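The values are calculated or read from the model by the stated rules, or taken from the named source; none is laboratory data. Keep in mind that what you see is a predicted model, and the values were worked out from it rather than measured. As a convention, Cβ positions derive from the backbone with ideal geometry for all residues, glycine included, and neighbour counts pool all protein chains shown. Just so you know, the surface numbers come from the protein's heavy atoms only, side chains and all, with ligands and any DNA or RNA stripped out. Shrake-Rupley method; radii C 1.70, N 1.55, O 1.52, S 1.80 Å.
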There are 2 protein chains.
Amino acid sequence: MSETPLLLTPGPLTTDPAVRQAMLKDWGSRDAAFIALTAELRSRLVQLVKGEATHVAAPIQGSGTYILEAAIGSLVGAADKLLVLANGAYGERMAAIAGRLGRAVEVLRFGEDRPVAAGAVADALKDASITHVALVHCETTTGILNPCEAIADVVAKAGPTLILDAMSSFGALPIDLSRTKIGAVLASSNKCLEGAPGVAFAIVERALLAMSAGRGASLSLDLAAQWQGFEANGQWRFTPPVQVVAALVEALRLLEREGGPAARLRRYQDNLDTLIAGATAVGLELYLEPSLQAPIIATFRAPSDRPFDFDAFYQALLRRGFIIYPGKLTRVETFRIGCIGAVHPADFERLGAVLGPALDEASVRS
Amino acid sequence: MSETPLLLTPGPLTTDPAVRQAMLKDWGSRDAAFIALTAELRSRLVQLVKGEATHVAAPIQGSGTYILEAAIGSLVGAADKLLVLANGAYGERMAAIAGRLGRAVEVLRFGEDRPVAAGAVADALKDASITHVALVHCETTTGILNPCEAIADVVAKAGPTLILDAMSSFGALPIDLSRTKIGAVLASSNKCLEGAPGVAFAIVERALLAMSAGRGASLSLDLAAQWQGFEANGQWRFTPPVQVVAALVEALRLLEREGGPAARLRRYQDNLDTLIAGATAVGLELYLEPSLQAPIIATFRAPSDRPFDFDAFYQALLRRGFIIYPGKLTRVETFRIGCIGAVHPADFERLGAVLGPALDEASVRS
């Protein structure tokens, strides 16, 4: 096996060797040993966001998009109305999912370089027909951090249920369900938790789930039925990706050993700081105002003072052992570099040392 | 890591060490190396059932149930009517999925110990409003083999589109799309292909998929959109379980090395024959008439001449290194033992040697 490049992307990410080695075993998915592993998974997920008193974990097979659809389809009823707060592609995706499912949906849009503003949300919630609000915690489109707690307070005061897409924040950025009112927190195995991809999950208020049984047209993505399955016998309703589950449990144990989300956030912040220092040294600029940039994935403007060919830049960095990510903005040429995964400041120092030569190749080749 | 028991179940199964070791690498899901892996996956899947001229492969994230729902939701339209041929729980599940999706559905039922009968299907297809027919190739409820080619001929003559749930047959039992008219063949990574669980797939007639774009209420389980994503840039629309994909490609290479589906079927048949010999020697009886029993998973009647506690039997076999499966019939007490996975006749000889002592423990303890 050739040397694997470091994945500086929004995921799948570089994982710890111990996480990958946890996949070397076969499991009977209805055997007691795997039932115990599933129980540990569900319990650790809820504990990470202090939801033990109120919330339960409902993991499902599949990618992050699946859990967004499962949550919207299961929690938002046919007579409800969802307000999506959008400042990027992932907010728009939630709106698209809701529309496709036939749910009433409104979108409150903000610029891609601006956080969602609590005041505007309060205004929008004067519409008493809105029953649910969806927010993306960290919008991977740009890497912008939205003010989850301020929005949650506004939504709680107005009454609707808040659904938080915490896909790229869960496990690093602080979420405290004992203090912040959030109906459902949605995330997946392969971002800040640093597991392998293949499992997504919702941390949902028990009362909300109980109300939503049988709602929605999907058997596979029925969150309440999935939860009831776990409660009934500890098993997944349908064949789980056993190796991915084992990898995720190992990743959660490693997260605890690292010191929990706060320690992980500090490492990611160090990664980002090191990345920005190296990028600034070769003349690259952050797209966002730095205080808005979460330490998850950073968006950089393409150089404006010389030609720039993203594909050549990508290949030049790949040859040096790094995989980066294209930009997702339509009006500004950008690229993205992730700070998450089993990567450390020393990796970003090595990256900083090769950004200059890679930029030179990207400008010569264009 | 303690010694892993052999999994004699309908899956997840015991896999080859090379399959598990293929999971030891991280992949950038939008990088050229993973795009090439995905192309190899899709191409090998179509070739296995000789569909190159007519069919394409649309893999999705998730379990087998997801691909059933994706296929029914995407291929059966709101004005269509699905006839499900059912002789077990998996036929009933397809009917439940269709009903939940709001599709018109009828169920033609057969006894769980009887194969679906082509003559009865021909009669049912006199109803010209039926546009699609769904059949389970090997019904895991009992392990019965349904006569796929005879049914396909009847359906082709009448005109509807046949959807084949080949979950537990694909890769071992013969399916030849160049000779048998089947609109969509559905299966998953972790049965006769002997991969890790986490990916399911449809092998669909290209013309059918093209017609079905945008149909269905699910964004995640939209088969046509998934296919169009692969065609557009070789990438999965949403984060794929990269390690599971790598394991499946390795499993497909091993299948080729073994000699393809015909060779694999011979091994499974040897497994079943060895299993039946050992079981018969201690007085256990097959539930099905032997000619109907596919070499996938065998259903045995619980002993009638002495007390029998399935849980004690299960634990007694687990202590000896084997995981078996409970029965799924409501009216007859049975249990199931799978013949598939990286297991060989010698494993079933070892099993045969411990069935007697395990039965004794199961009868003492009850």
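Scanning the stretch B:321-360 for residues that are within 14 Å of chain A (Cβ to nearest Cβ) and either among the hydrophobic types (A, V, I, L, M, F, W, C) or part of a loop (DSSP other than H, G, I, E, B) (or both) turns up B:Gly321, B:Phe322, B:Ile323, B:Ile324, B:Gly327, B:Lys328, B:Phe335, B:Ile337, B:Ile340, B:Gly341, B:Ala342, B:Val343. Could you list, in sequence order, all residues of the stretch A:3-42 that are closer than 11 Å to A:Val249 by Cβ and of a type in the set (Val, Ile, Thr)? Scanning the stretch A:3-42 gives A:Val19, A:Thr38. The set of residues from the stretch B:295-327 being touching a helix residue (DSSP H, G or I) at 6+ places or on another chain (Cβ under 8 Å), over 23 Å from B:Pro5 (Cα atoms) and of a type outside the set (D, E, K, R) comprises B:Pro303, B:Pro307. The criterion of being among the hydrophobic types (A, V, I, L, M, F, W, C), open to solvent by less than 30 Å² (accessible area, probe 1.4 Å) and in contact with a strand residue (DSSP E or B) (Cβ under 7 Å, 6 or more places away or on another chain) does not hold for B:Val249. Could you tell me whether any residue of the stretch A:230-246 is within 30 Å of A:Val76 (Cα to Cα), part of a helix (DSSP H, G or I) and aromatic (Phe, Trp, Tyr)? Yes: one or more hits. Whether a residue is assigned to a helix (DSSP H, G or I) and over 18 Å from the mean Cα position of the chain (by Cα) was assessed, and A:Ala279 passes this test. For the stretch B:148-186, the set of residues classified as among the charged types (D, E, K, R) and either outside any loop (DSSP other than H, G, I, E, B) or in contact with a strand residue (DSSP E or B) (Cβ under 9 Å, 6 or more places away or on another chain) (or both) consists of B:Glu149, B:Asp153, B:Lys157, B:Asp165, B:Lys181, listed by residue number.
Within the stretch A:59-88, if we keep just the residues that are open to solvent by less than 10 Å² (accessible area, probe 1.4 Å) and assigned to a strand (DSSP E or B), the residue that is nearest to the other protein chains (Cβ to nearest Cβ) turns out to be A:Gln61. From the set of residues in the stretch A:322-366 that are of a type in the set (A, V, I, L, M) and open to solvent by 60 Å² or more (accessible area, probe 1.4 Å), which is modelled with the lowest pLDDT? In this case the residue turns out to be A:Val364. Pairing each residue of the stretch A:189-202 that is farther than 16 Å from A:Arg20 by Cβ and in a loop (DSSP other than H, G, I, E, B) with any residue that is open to solvent by 10 Å² or more (accessible area, probe 1.4 Å) and hydrophobic (A, V, I, L, M, F, W, C), provided the two are 6+ apart or on different chains, yields C-beta distances under 9 Å for A:Lys191/A:Met167; A:Cys192/A:Leu173; A:Cys192/A:Leu265.
Scanning the stretch A:24-60 for residues being under 26 Å from A:Gly260 (Cβ atoms) and of a type in the set (Gly, Ala, Ser) gives a total of 7. The single residue among B:Ser220, B:Ser212 that is more than 11 Å from every other protein chain (Cβ to nearest Cβ), small (Gly, Ala, Ser) and open to solvent by less than 10 Å² (accessible area, probe 1.4 Å) turns out to be B:Ser212.
Among the residues of the stretch B:37-47, those identified as in contact (Cβ under 8 Å) with a residue 12 or more places away in the chain and out of contact with any helix residue (DSSP H, G or I) (no Cβ under 7 Å at 6 or more places or on another chain) are B:Ala39, B:Ser43, B:Leu45, B:Val46.
The number of residues in the stretch A:104-129 being open to solvent by 10 Å² or more (accessible area, probe 1.4 Å), assigned to a loop (DSSP other than H, G, I, E, B) and hydrophobic (A, V, I, L, M, F, W, C) comes to 4. Based on this model, can you work out whether A:Met94 counts as in contact with a Leu (Cβ under 7 Å, 6 or more places away or on another chain), not acidic (Asp, Glu) and not in a loop (DSSP other than H, G, I, E, B)? For A:Met94, the condition - in contact with a Leu (Cβ under 7 Å, 6 or more places away or on another chain), not acidic (Asp, Glu) and not in a loop (DSSP other than H, G, I, E, B) - is met. Put simply, of B:Gly195, B:Gly278, B:Gly234 the only residue that is on the phi > 0 side of the Ramachandran plot and of a type in the set (Gly, Ala, Ser) is B:Gly234. Scanning the stretch A:3-41 for residues that are more than 9 Å from every other protein chain (Cβ to nearest Cβ), farther than 30 Å from B:Ile337 by Cβ and open to solvent by 10 Å² or more (accessible area, probe 1.4 Å) gives A:Glu3, A:Asp16, A:Ala18. Residues in the stretch A:89-102 that are open to solvent by 10 Å² or more (accessible area, probe 1.4 Å) and more than 10 Å from chain B (Cβ to nearest Cβ): A:Ala89, A:Tyr90, A:Glu92, A:Ala95. When B:Gly51 is tested against (1) more than 10 Å from chain A (Cβ to nearest Cβ); (2) of a type outside the set (Val, Ile, Thr); (3) surrounded by 19 or more Cβ atoms within 10 Å (Cβ to Cβ); (4) not in a loop (DSSP other than H, G, I, E, B), only condition (4) is not met. Which ones in the stretch B:86-117 are without any contact (Cβ under 8 Å) to a residue 24 or more places away in the chain, among the charged types (D, E, K, R) and farther than 21 Å from B:Gly327 by Cβ? Answer for the stretch B:86-117, where residues must be without any contact (Cβ under 8 Å) to a residue 24 or more places away in the chain, among the charged types (D, E, K, R) and farther than 21 Å from B:Gly327 by Cβ: just B:Arg100. In the stretch B:118-140, the residues that are more than 30 Å from B:Gly327 (Cβ to Cβ) form Cβ pairs under 8 Å with partners that are assigned to a loop (DSSP other than H, G, I, E, B) and open to solvent by less than 30 Å² (accessible area, probe 1.4 Å), at six or more places apart or across chains, as follows: B:Leu125/B:Pro160; B:Ile130/B:Pro160; B:Thr131/B:Val76; B:Thr131/B:Gly77; B:Thr131/B:Pro160; B:His132/B:Val76; B:His132/B:Pro160; B:His132/B:Gly183. Among the residues making up the stretch B:292-321, those that are modelled with pLDDT of 95 or more and hydroxyl-bearing (Ser, Thr, Tyr) are B:Thr299, B:Tyr314. Within the stretch A:300-312, can one find any residue that is open to solvent by 30 Å² or more (accessible area, probe 1.4 Å), within 14 Å of another protein chain (Cβ to nearest Cβ) and over 20 Å from the mean Cα position of the chain (by Cα)? The answer is yes, given that some residue of the stretch A:300-312 is open to solvent by 30 Å² or more (accessible area, probe 1.4 Å), within 14 Å of another protein chain (Cβ to nearest Cβ) and over 20 Å from the mean Cα position of the chain (by Cα). In the stretch A:289-299, the count of residues that are without any contact (Cβ under 8 Å) to a residue 60 or more places away in the chain, outside any loop (DSSP other than H, G, I, E, B) and open to solvent by less than 70 Å² (accessible area, probe 1.4 Å) is zero. Within the stretch B:176-196, track down each residue that is farther than 15 Å from B:Ala207 by Cβ and surrounded by fewer than 24 Cβ atoms within 10 Å (Cβ to Cβ). If the condition is that a residue be farther than 15 Å from B:Ala207 by Cβ and surrounded by fewer than 24 Cβ atoms within 10 Å (Cβ to Cβ), then B:Asp176, B:Ser178, B:Arg179, B:Thr180 are the ones that fit.
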